[in-house]
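Okay, so here's the structure we're looking at.
The values are calculated or read from the model by the stated rules, or taken from the named source; none is laboratory data. As the structure is a computational prediction, the values presented were derived from the model and not from experiment. Reconstructed Cβ throughout: ideal geometry from the backbone, glycine too, with neighbour counts over all protein chains shown. The area values use the complete protein model at the heavy-atom level, side chains included, leaving out ligands, DNA and RNA. Shrake-Rupley method; radii C 1.70, N 1.55, O 1.52, S 1.80 Å.
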Amino acid sequence: MRIEHDLSRFKQIVRGKIRQNLRKYVTNGEMIGRKGRDLVSIPIPQLDVPHFRYGKNGNGGVGQGDGEPGTPIGKGDDGEGGAGGAGSDPGRHLLEVEVSLEELAAILGEELELPRIEPKGTANIEQEKSRYTSIRRSGPESLRHFKRTYMEALRRQISSNTYVPDRPRVVPIREDRRYRAWNEVNLPEANAAIIYMMDVSGSMTDDQKEIVRTAAFWLDTWLRSQYKGLERRYIIHDAAAKEVDEETFYHTRESGGTRISSAYRVCAELINRTFPPSEWNIYCFQFSDGDNWGEDNERSLDLLKNEILPHVNLFCYGQVESPYGSGEFIRSLDFAEDEPRLVTAEIENKEAVYACLKTFLGTGA
Amino acid sequence: MATATFEPLPANLAEIQVKIEGHARDYGLDFYPTIFELIDADQLNAIAAYGGFPTRYPHWRFGMEFEQLNKGYTYGLQKIYELVINNNPCYAYLMRCNSFVDQKLVMAHVYGHCDFFKNNYWFSQTNRKMMDEMANHGNRIRRYMDRFGVDTVETFIDACLSVEDLIDIHSPFVKRFDQPSRYDFERAHDEEESTGAPGRFHSKDYMESFINPPRVLAAEADKLREQQVKNTRFPPEPVRDVMLFVLENAPLKPWQLDVLSIVRDEAYYFAPQGQTKIMNEGWASYWHSTIMTRQGLEAADVVNYCDHHSGTLASSPTKLNPYKVGIELFRDIEDRWNKGRFGKEYDDCDDWSKKRDWDTGAGLGRQKIFEVRKIHNDLTFIDEFLTLDFCRQHKLFSFGYNPANDAYEIESREFPKIKQQLLFQLTNLGRPMISVRDGNYKNRGELFLEHTFGGVELKTSYAHDTLANLYALWGRPVHIETVLDGTRTILSFDGGEHQTEKCGEVDE
């Protein structure tokens, strides 16, 4: 049908392949809303053709039901936009669908065109598994392949002319017996660990943590779809660093200065202690506003270059834009260009999470 | 249908079609021949995405609509049961997977729509051969795409779509201006002569002040001056149909003019459907419920029918369901006119109990609703027939956004406020009123639009983008005067950057 042509054109626009000026109208809205354990709701991207429309204070309408004046009836949309008028088109609310995490990862991979990850050093972490894939002439009786055995017997009888079609009796003898047999196959059992590091110094606001949370969720989703066992570790730091659980990671509000090297030190120790690089694919994601103490930069870089980078598959540094910070740390990582395992990205706002994911995961390291 | 051929209805459905059509005619519904086609969900979604016309021109937004409908359908969030096209013959698409009862109900519903399309006055000027016209549009645009490139044409369509709602929805029914004659050189000549002082009557000295009173002369002079200013203005009166103005005056290439006129024609075709959403759905629902409950239902169907019917009429707190409001209003009107609850005597009656039991046995209900479906649109429908009793009975309220709680809250249950809010949403399809005030602004060929401010501001981000698209059509800087934060403001776009100019307080 013709619609498929229009559909692919729309998808191309959404992905920014053609008509790039239109892409800014793509509304992603809230990227995730966790629902239930393994379900999330994701909005379907929409492109708006701009029109002259009523703005904020035009919101409102007429509804039906119980309640006194002042009763809340629905959550406000973020920013502008609002309930549709009764007479015009139905309100252009984002359509939300619930999908499972696996589906989500597939969608994410397709949307961002992420390469599938090549597990590191398969030789080191292979595991032998038995697969019954072949046939042998000897073996235990419990593995006897009846069909093959009778086939062999029939073949022998026909070729030796002892087969009587009027009285078809097939009796296998010892030589006819066939047995299932196994082959040893090497299955790569890739283990992956993600280490998240977040700066929780006074300059990181709740909004910025929300960005980190969103980014971390998507990273998790994608990597989990690529590896069987995924370990996650969380490190928070201000002037000092410590390993924490997931809950604490997202909800702490510390204050104080920033010493990135402290987080690197904990990270390096964690790798040494728990995740020997020969057996683990290690991914590090660090989020900060880049407002590091000046004299700490040198030590941080030293740790990063010598004790972390050599052991990990990928080290991603996402710098969240902060109203306070100078954000200079990202500049000291400018050697990233020559180092394929180090990726940096600046995240100005929630919308930029999309681009940041693409940068981080697009390398397929 | 030119491009797609569908098989005729299966025998069992063809049979109920004949029955339902018979019932509909017996009730006095009057419609064009109606052709039902049974199609699968993805086909239905595709046709719905094209606004009902499978042969429409290619554009990404149809793909987007399709994506949404299709995903919504796949995940079980929504389902289209039927789609009716205002055309002669009337085309109606039925979803193949509807249950048998659903098909009955939907057919009855469709005949309601068909009757409405044919008889409602606001549809009287629409093209009844739109199926052919749309195919024609599609071919023309495809040809331009082959010739000038898909991107070029699509970008231009996007710009046109940005102003597609700047049309004058009443213009098919009224003559706004005399057709300007391009060859009328005489008139201009005459005007030049008449620009002097107002005409004086010949008089003797002592009669001068009586025959030519100074006050009248002054007034006449004013009027003349005004007329002169008006004549130099372009357009002389503000024009609501911005698309037409652009079409007639912008320096566009022939293919661009054609594309713009296609988008405009389609906008005019779809406008009445936006204007009569509540009535149209209400009318169709009224008839499906009447036909089904009196004739169509069999004992085995009842539960399924009820389930589907109540799903269609479900109301939500944040959005008024047009099906619900429409059907209830039609029923209310029928009831009132059956019992004679209208006119001066009823309105003036202060006795509550007398009013409650009021029944003159007038029996005019059916006749009245047929009259209402003929002459009204949503705006006049609500204005005329929404009553205090109706609001109370159906628990209507008006709501608004409360920034303090980041939530929509019930604002009021007072009848005048509810009605005002509803009427506001229906006025000009709930869109801002915008007209061309000057097509030669600052004598530099710039386009100056005016937003008639009614208390609600424009969404500025959209306004900027729309201006940019308008600039692509007009080719010279474009401006719009509106009110932002209580200040008269002119938003401008000159092809390079946006400008916002404040120009004084709003005069009340």
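Of the conditions (1) free of Cβ contacts under 8 Å to residues at least 40 places away in the same chain; (2) outside any helix (DSSP H, G or I); (3) not acidic (Asp, Glu), B:Leu252 fails just one. Which one is it?
Evaluating B:Leu252 over (1) free of Cβ contacts under 8 Å to residues at least 40 places away in the same chain; (2) outside any helix (DSSP H, G or I); (3) not acidic (Asp, Glu) leaves (1) as the failure.
Can you tell me how many residues in the range B:63-104 are in a loop (DSSP other than H, G, I, E, B), open to solvent by less than 60 Å² (accessible area, probe 1.4 Å) and touching a strand residue (DSSP E or B) at 6+ places or on another chain (Cβ under 6 Å)?
The total comes to 1.
For a quick check of your reading of the model, give me the residue pairs whose first member lies in the range A:329-358 and is over 25 Å from A:Thr205 (Cβ atoms), whose second is part of a helix (DSSP H, G or I), with beta-carbon atoms closer than 6 Å and at least 6 apart or on different chains.
Listed pairs, sorted by first residue: A:Arg341/A:Leu309; A:Leu342/A:Ala336.
Have a look at B:Glu298, B:Glu328 and point out the one that is out of contact with any Asp or Glu (no Cβ under 8 Å at 6 or more places or on another chain), touching a residue at least 12 places away in the same chain (Cβ under 8 Å), of a type outside the set (A, V, I, L, M) and open to solvent by 20 Å² or more (accessible area, probe 1.4 Å).
That would be B:Glu328, the only listed residue that is out of contact with any Asp or Glu (no Cβ under 8 Å at 6 or more places or on another chain), touching a residue at least 12 places away in the same chain (Cβ under 8 Å), of a type outside the set (A, V, I, L, M) and open to solvent by 20 Å² or more (accessible area, probe 1.4 Å).
Can you find a residue that is away from chain A (no Cβ under 14 Å), surrounded by fewer than 20 Cβ atoms within 10 Å (Cβ to Cβ), touching a strand residue (DSSP E or B) at 6+ places or on another chain (Cβ under 6 Å) and hydrophobic (A, V, I, L, M, F, W, C) anywhere in the range B:469-476?
no
Considering each residue of the range B:226-260, count those that are modelled with pLDDT under 85 and either open to solvent by less than 60 Å² (accessible area, probe 1.4 Å) or within 21 Å of B:Arg140 (Cβ to Cβ) (or both), and give that number.
Of the residues in that region, 0 qualify.
Check every one of the strands (runs of 3 or more DSSP E) wholly within the range B:355-461 and list those with 3 or more residues that are facing chain A (nearest Cβ under 9 Å) and without any contact (Cβ under 8 Å) to a residue 40 or more places away in the chain.
On the way: elements: B:396-402, B:407-412, B:433-441, B:446-452.
Because the criterion is at least 3 residues that are facing chain A (nearest Cβ under 9 Å) and without any contact (Cβ under 8 Å) to a residue 40 or more places away in the chain, the strands (runs of 3 or more DSSP E) in the range B:355-461 that meet it are B:396-402, B:407-412.
For (1) in contact with a strand residue (DSSP E or B) (Cβ under 9 Å, 6 or more places away or on another chain); (2) modelled with pLDDT under 85; (3) open to solvent by 40 Å² or more (accessible area, probe 1.4 Å), each residue gets a yes or a no:
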site	(1), (2), (3)
A:Ser262	yes, no, no
A:Ala268	no, no, no
A:Phe285	yes, no, no
A:Ser326	no, yes, yes
A:Val353	yes, yes, no
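How many of the residues making up the range B:164-186 are in a helix (DSSP H, G or I) and modelled with pLDDT of 75 or more?
The qualifying residues number 0.
Considering only residues of the range B:338-354 that are assigned to a loop (DSSP other than H, G, I, E, B) and charged (D, E, K, R), which is farthest from the chain's Cα centre (by Cα)? Steps first, please.
Initial filter on the range B:338-354 (assigned to a loop (DSSP other than H, G, I, E, B)): B:339-342, B:349-351.
The next check asks that each one be charged (D, E, K, R); those that pass are B:339, B:341, B:350-351.
Numbers: B:Lys339: 33, B:Arg341: 31, B:Asp350: 38, B:Asp351: 40 Å.
Within the range B:338-354, the match that is farthest from the chain's Cα centre (by Cα) is B:Asp351.
Looking at B:Glu414 and the list (1) open to solvent by 70 Å² or more (accessible area, probe 1.4 Å); (2) within 22 Å of the chain's Cα centre (by Cα), which single condition is not satisfied?
The number of the failed condition is (2).
Can you tell me how many residues in the range A:197-239 are over 30 Å from A:Glu295 (Cβ atoms) and either modelled with pLDDT of 75 or more or not in a strand (DSSP E or B) (or both)?
Of the range A:197-239, the ones over 30 Å from A:Glu295 (Cβ atoms) are A:210, A:213-214, A:217-232.
Among the residues that remain, those that are also either modelled with pLDDT of 75 or more or not in a strand (DSSP E or B) (or both) are: A:210, A:213-214, A:217-228, A:230-232.
Residues meeting the conditions: 18.
Quick test of your reading of the structure: A:Val312 fulfils all but one of (1) within 15 Å of A:Leu342 (Cβ to Cβ); (2) without any contact (Cβ under 8 Å) to a residue 40 or more places away in the chain. Name the failing condition by number.
With respect to (1) within 15 Å of A:Leu342 (Cβ to Cβ); (2) without any contact (Cβ under 8 Å) to a residue 40 or more places away in the chain, A:Val312 is out only on (2).
Can you find a residue that is away from every other protein chain (no Cβ under 12 Å) and open to solvent by 40 Å² or more (accessible area, probe 1.4 Å) anywhere in the range B:484-494?
Yes, the range B:484-494 contains at least one residue that is away from every other protein chain (no Cβ under 12 Å) and open to solvent by 40 Å² or more (accessible area, probe 1.4 Å).
Does B:Phe148 qualify as being modelled with pLDDT of 90 or more and surrounded by 10 or more Cβ atoms within 10 Å (Cβ to Cβ)?
yes
Scan the range B:301-324 and tell me whether some residue there is open to solvent by 60 Å² or more (accessible area, probe 1.4 Å), acidic (Asp, Glu) and away from chain A (no Cβ under 14 Å).
Yes, because at least one residue in the range B:301-324 is open to solvent by 60 Å² or more (accessible area, probe 1.4 Å), acidic (Asp, Glu) and away from chain A (no Cβ under 14 Å).
(1) aromatic (Phe, Trp, Tyr); (2) closer than 20 Å to B:Gly28 by Cβ; (3) open to solvent by 20 Å² or more (accessible area, probe 1.4 Å): which one isn't true of B:Phe117, the others all being true?
Unmet condition: (3).
Please indicate, with yes or no, whether at least one residue in the range B:274-290 is open to solvent by 60 Å² or more (accessible area, probe 1.4 Å) and within 23 Å of the chain's Cα centre (by Cα).
yes
Would you call B:Leu161 in a helix (DSSP H, G or I), closer than 29 Å to B:Pro235 by Cβ, out of contact with any Pro (no Cβ under 7 Å at 6 or more places or on another chain) and within 12 Å of chain A (Cβ to nearest Cβ)?
yes
Restricting to the range B:195-225, and then to whatever is over 25 Å from B:Pro236 (Cα atoms) and in a loop (DSSP other than H, G, I, E, B), can you tell me which residue is least open to solvent (accessible area, probe 1.4 Å)?
The selected residue is B:Asn212.
Filter the range A:247-260 down to the residues that are under 24 Å from the mean Cα position of the chain (by Cα) and exposed (fewer than 13 other Cβ atoms within 10 Å of the Cβ) and list them by number.
A:Glu247, A:His251
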